[in-house]
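Undergrad: The following block contains the structure, expressed as C-alpha cells.
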Amino acid sequence: MQTEKEESYQSIFRKYYPPMYYYARRIVGEDAADDVVQEGFLELWNRMDILDTDSPQIESYLYKTIYSRALNFLKRYKKISTAAIEDINEMRMACYFSSEGDGEHDMETAELSLKINRAISELPDKCREIFVLSYLKDMKNSEIALMMNVSVRTVEAHIYKALKTLRSRLGTIFLFFSLFF
C-alpha cells in the first residue's frame, strides 16, 4: 500500500515529467535531459515533507530546480561560459513564453519581455547586478557576496530592494514574472 507522499509524488511526476523533460532537453540536449530531470525529481522527493505539493507553485519550483540542475550539468561537463549562460536564459524565456505560431501572442510576449527587461535595467547598478546574478544566473547569496566583496546581508538587502521595486513597477506582471524566477 502506497503512502500519501508516494501517491502525491507519482501524481506530480506523471503530470510534470513531460514538460520538465522538454524544458531540460532545450537546455542540455536530448542525451542529458533525462538525467537532469531525474535529479530534479529526486530533489523534489527529498523535499516532499517541507513543500506544499498541492500548491500550483509546485510547477515553478520544478522549473527552477530543473534549470538549476541543467546549469550545474553544463558547468560540470561543458565548462560553460558567461555568454552561453545568457543564451540559456534566452532559451529559458522562450520555453516559458512559447506558443504555436500565434502572432498576437508573440507580440504580447515581446511586450511583456520588454517591460520586464526595462524594469530590471532601471534598477540601481549594484541592485540590478545582484538581482541578475541571483535570479537569472541562479547564484547563491553567499557566492554573490564573495564575488562582489560584500556581506550576505547586503546581498539580501539588494535582492529585497530589487523585488520591491519590480513589484511596484510591474504590478500584476510581477506575479507572472515571479512564478518563473
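Readers should treat all values here as calculations from the given coordinates under stated rules, not as data from a laboratory. Since this is a predicted model, take the numbers as computed values, not measurements. Cβ placement follows ideal geometry from the backbone for every residue including glycine, while neighbour counts extend to all protein chains displayed.
Undergrad: Relative to the present Cα-Cα distance, how much length would full extension add between K64 and V150 at 0.36 nm per residue of separation? Walk me through the intermediate numbers first.
TA: Values: separation 86, 0.36 × 86 = 30.96 nm, distance 2.57 nm.
Taking K64 through V150 to full extension adds about 28.4 nm, to one decimal.
Undergrad: Find how many whole Å separate the alpha carbon centroid of the stretch 29-55 from the alpha carbon centroid of the stretch 110-167.
TA: The stretch 110-167 and the stretch 29-55 have Cα centres separated by 26 Å.
Undergrad: Pop a pseudo-label 7 angstrom from the Cα along the beta-carbon direction at both E4 and W45 and give the gap in nm to one decimal.
TA: 2.1
Undergrad: Now a separate question. Among K140/K164; K5/K75; K5/K140; K15/K64; K115/K161; K75/K161, which pairs are too far apart, with a Cα-Cα distance over 22 Å?
TA: In this structure, K5/K75; K5/K140; K75/K161 lie more than 22 Å apart at Cα.
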